[in-house]
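Derivation of every value follows stated rules applied to the coordinates shown; laboratory data play no part. As the structure is a prediction and not an experimental result, all values here were calculated from the model. Don't worry about glycine lacking a Cβ; one is built from the backbone with ideal geometry, like all the others, and counts go over all protein chains shown.
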Amino acid sequence: MSQSPDELPWHRGPAFWSFTDQTVIGHAATVVIGIGVFSAVYTLWLQLVAVDLTLLVSSHPGAASVRLAGLRAATIACYVWFSIAFMLGKGGPLRNYWLYPLVSLLTGVYLLPFALFQRVPADPLGADSVTFADAGLIVAVISVFGPGFLLGLGFTFGFIVVLTYVLETEDEWVDQHLPSEYRLFERAAPEETNDE
């Protein structure tokens, strides 16, 4: 008897899937490269545009806006990397869009400054708050993640459209890269539609 998607434990849900045709080391390398792309673009942005890496930790009022611009550029580059990884079947189908960019952002904002200057910025996003309900923080996070996320989704949807309608190889790509749980969700979708 086959399982339904509702019977899967939470840790086997779509948000935690990994692509199947990769090694653990290959998966880890995909994530590490993504973090490296983020960190490299972030530091290069501050070095080339602001000509001052100390802005990583500066509490000067203008430093946060420069950091935000650098974080946007780094996030866009990070999402481009993880979109390419998605196309190659590396990383995780959904983790490439939520977990790994978040880990990259936290690494760039906190670990990178600590590695270079042994301290972290008090207000990395310029939101003047540490509470998650603060409107300034919400706007800052959306402004950092939004452009990269939308660009990454655009690349991915374009890739899926080409696979499905131009190359007509979507089934082969799915069989090669997606876990068996995907087929559970695929089989359950028509049944849900018929029930309505």
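Here are the numbers for the structure shown:
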quantity: Calculated FRET value between V49 and L102, using beta carbons and R₀ = 25 Å, to 0.05; calculated: 0.55
quantity: Neighbour-count order for V51, V141, V41, fewest beta carbons within 10 angstrom listed first; calculated: V51, V141, V41
quantity: R0 of 45 Å, Cβ-Cβ distance R183-I142: FRET efficiency to nearest 0.05; calculated: 0.85
quantity: Using θ = phi - 60° and Karplus 6.51 cos²θ - 1.76 cosθ + 1.60, couplings along the stretch 154-163 (whole Hz; Gly, Pro as x); calculated: x, 4, 5, 5, x, 4, 5, 4, 4, 4
quantity: R0 of 30 Å, Cβ-Cβ distance E168-Y110: FRET efficiency to nearest 0.05; calculated: 0.10
quantity: Relative exposure of E181, E172, judged by other C-beta atoms within 10 Å (fewest first); calculated: E172, E181
quantity: Residues S59, S83 arranged by fewest to most Cβ contacts within 10 Å; calculated: S59, S83
quantity: Using alpha carbons only: equivalent-ellipsoid semi-axes of the stretch 23-162, gyration tensor based, whole Å; calculated: 27, 17, 13
quantity: Only Lys, Arg (+1) and Asp, Glu (-1) charged, at Cβ; the stretch 43-164 dipole about Cα centre in debye; calculated: 320 debye
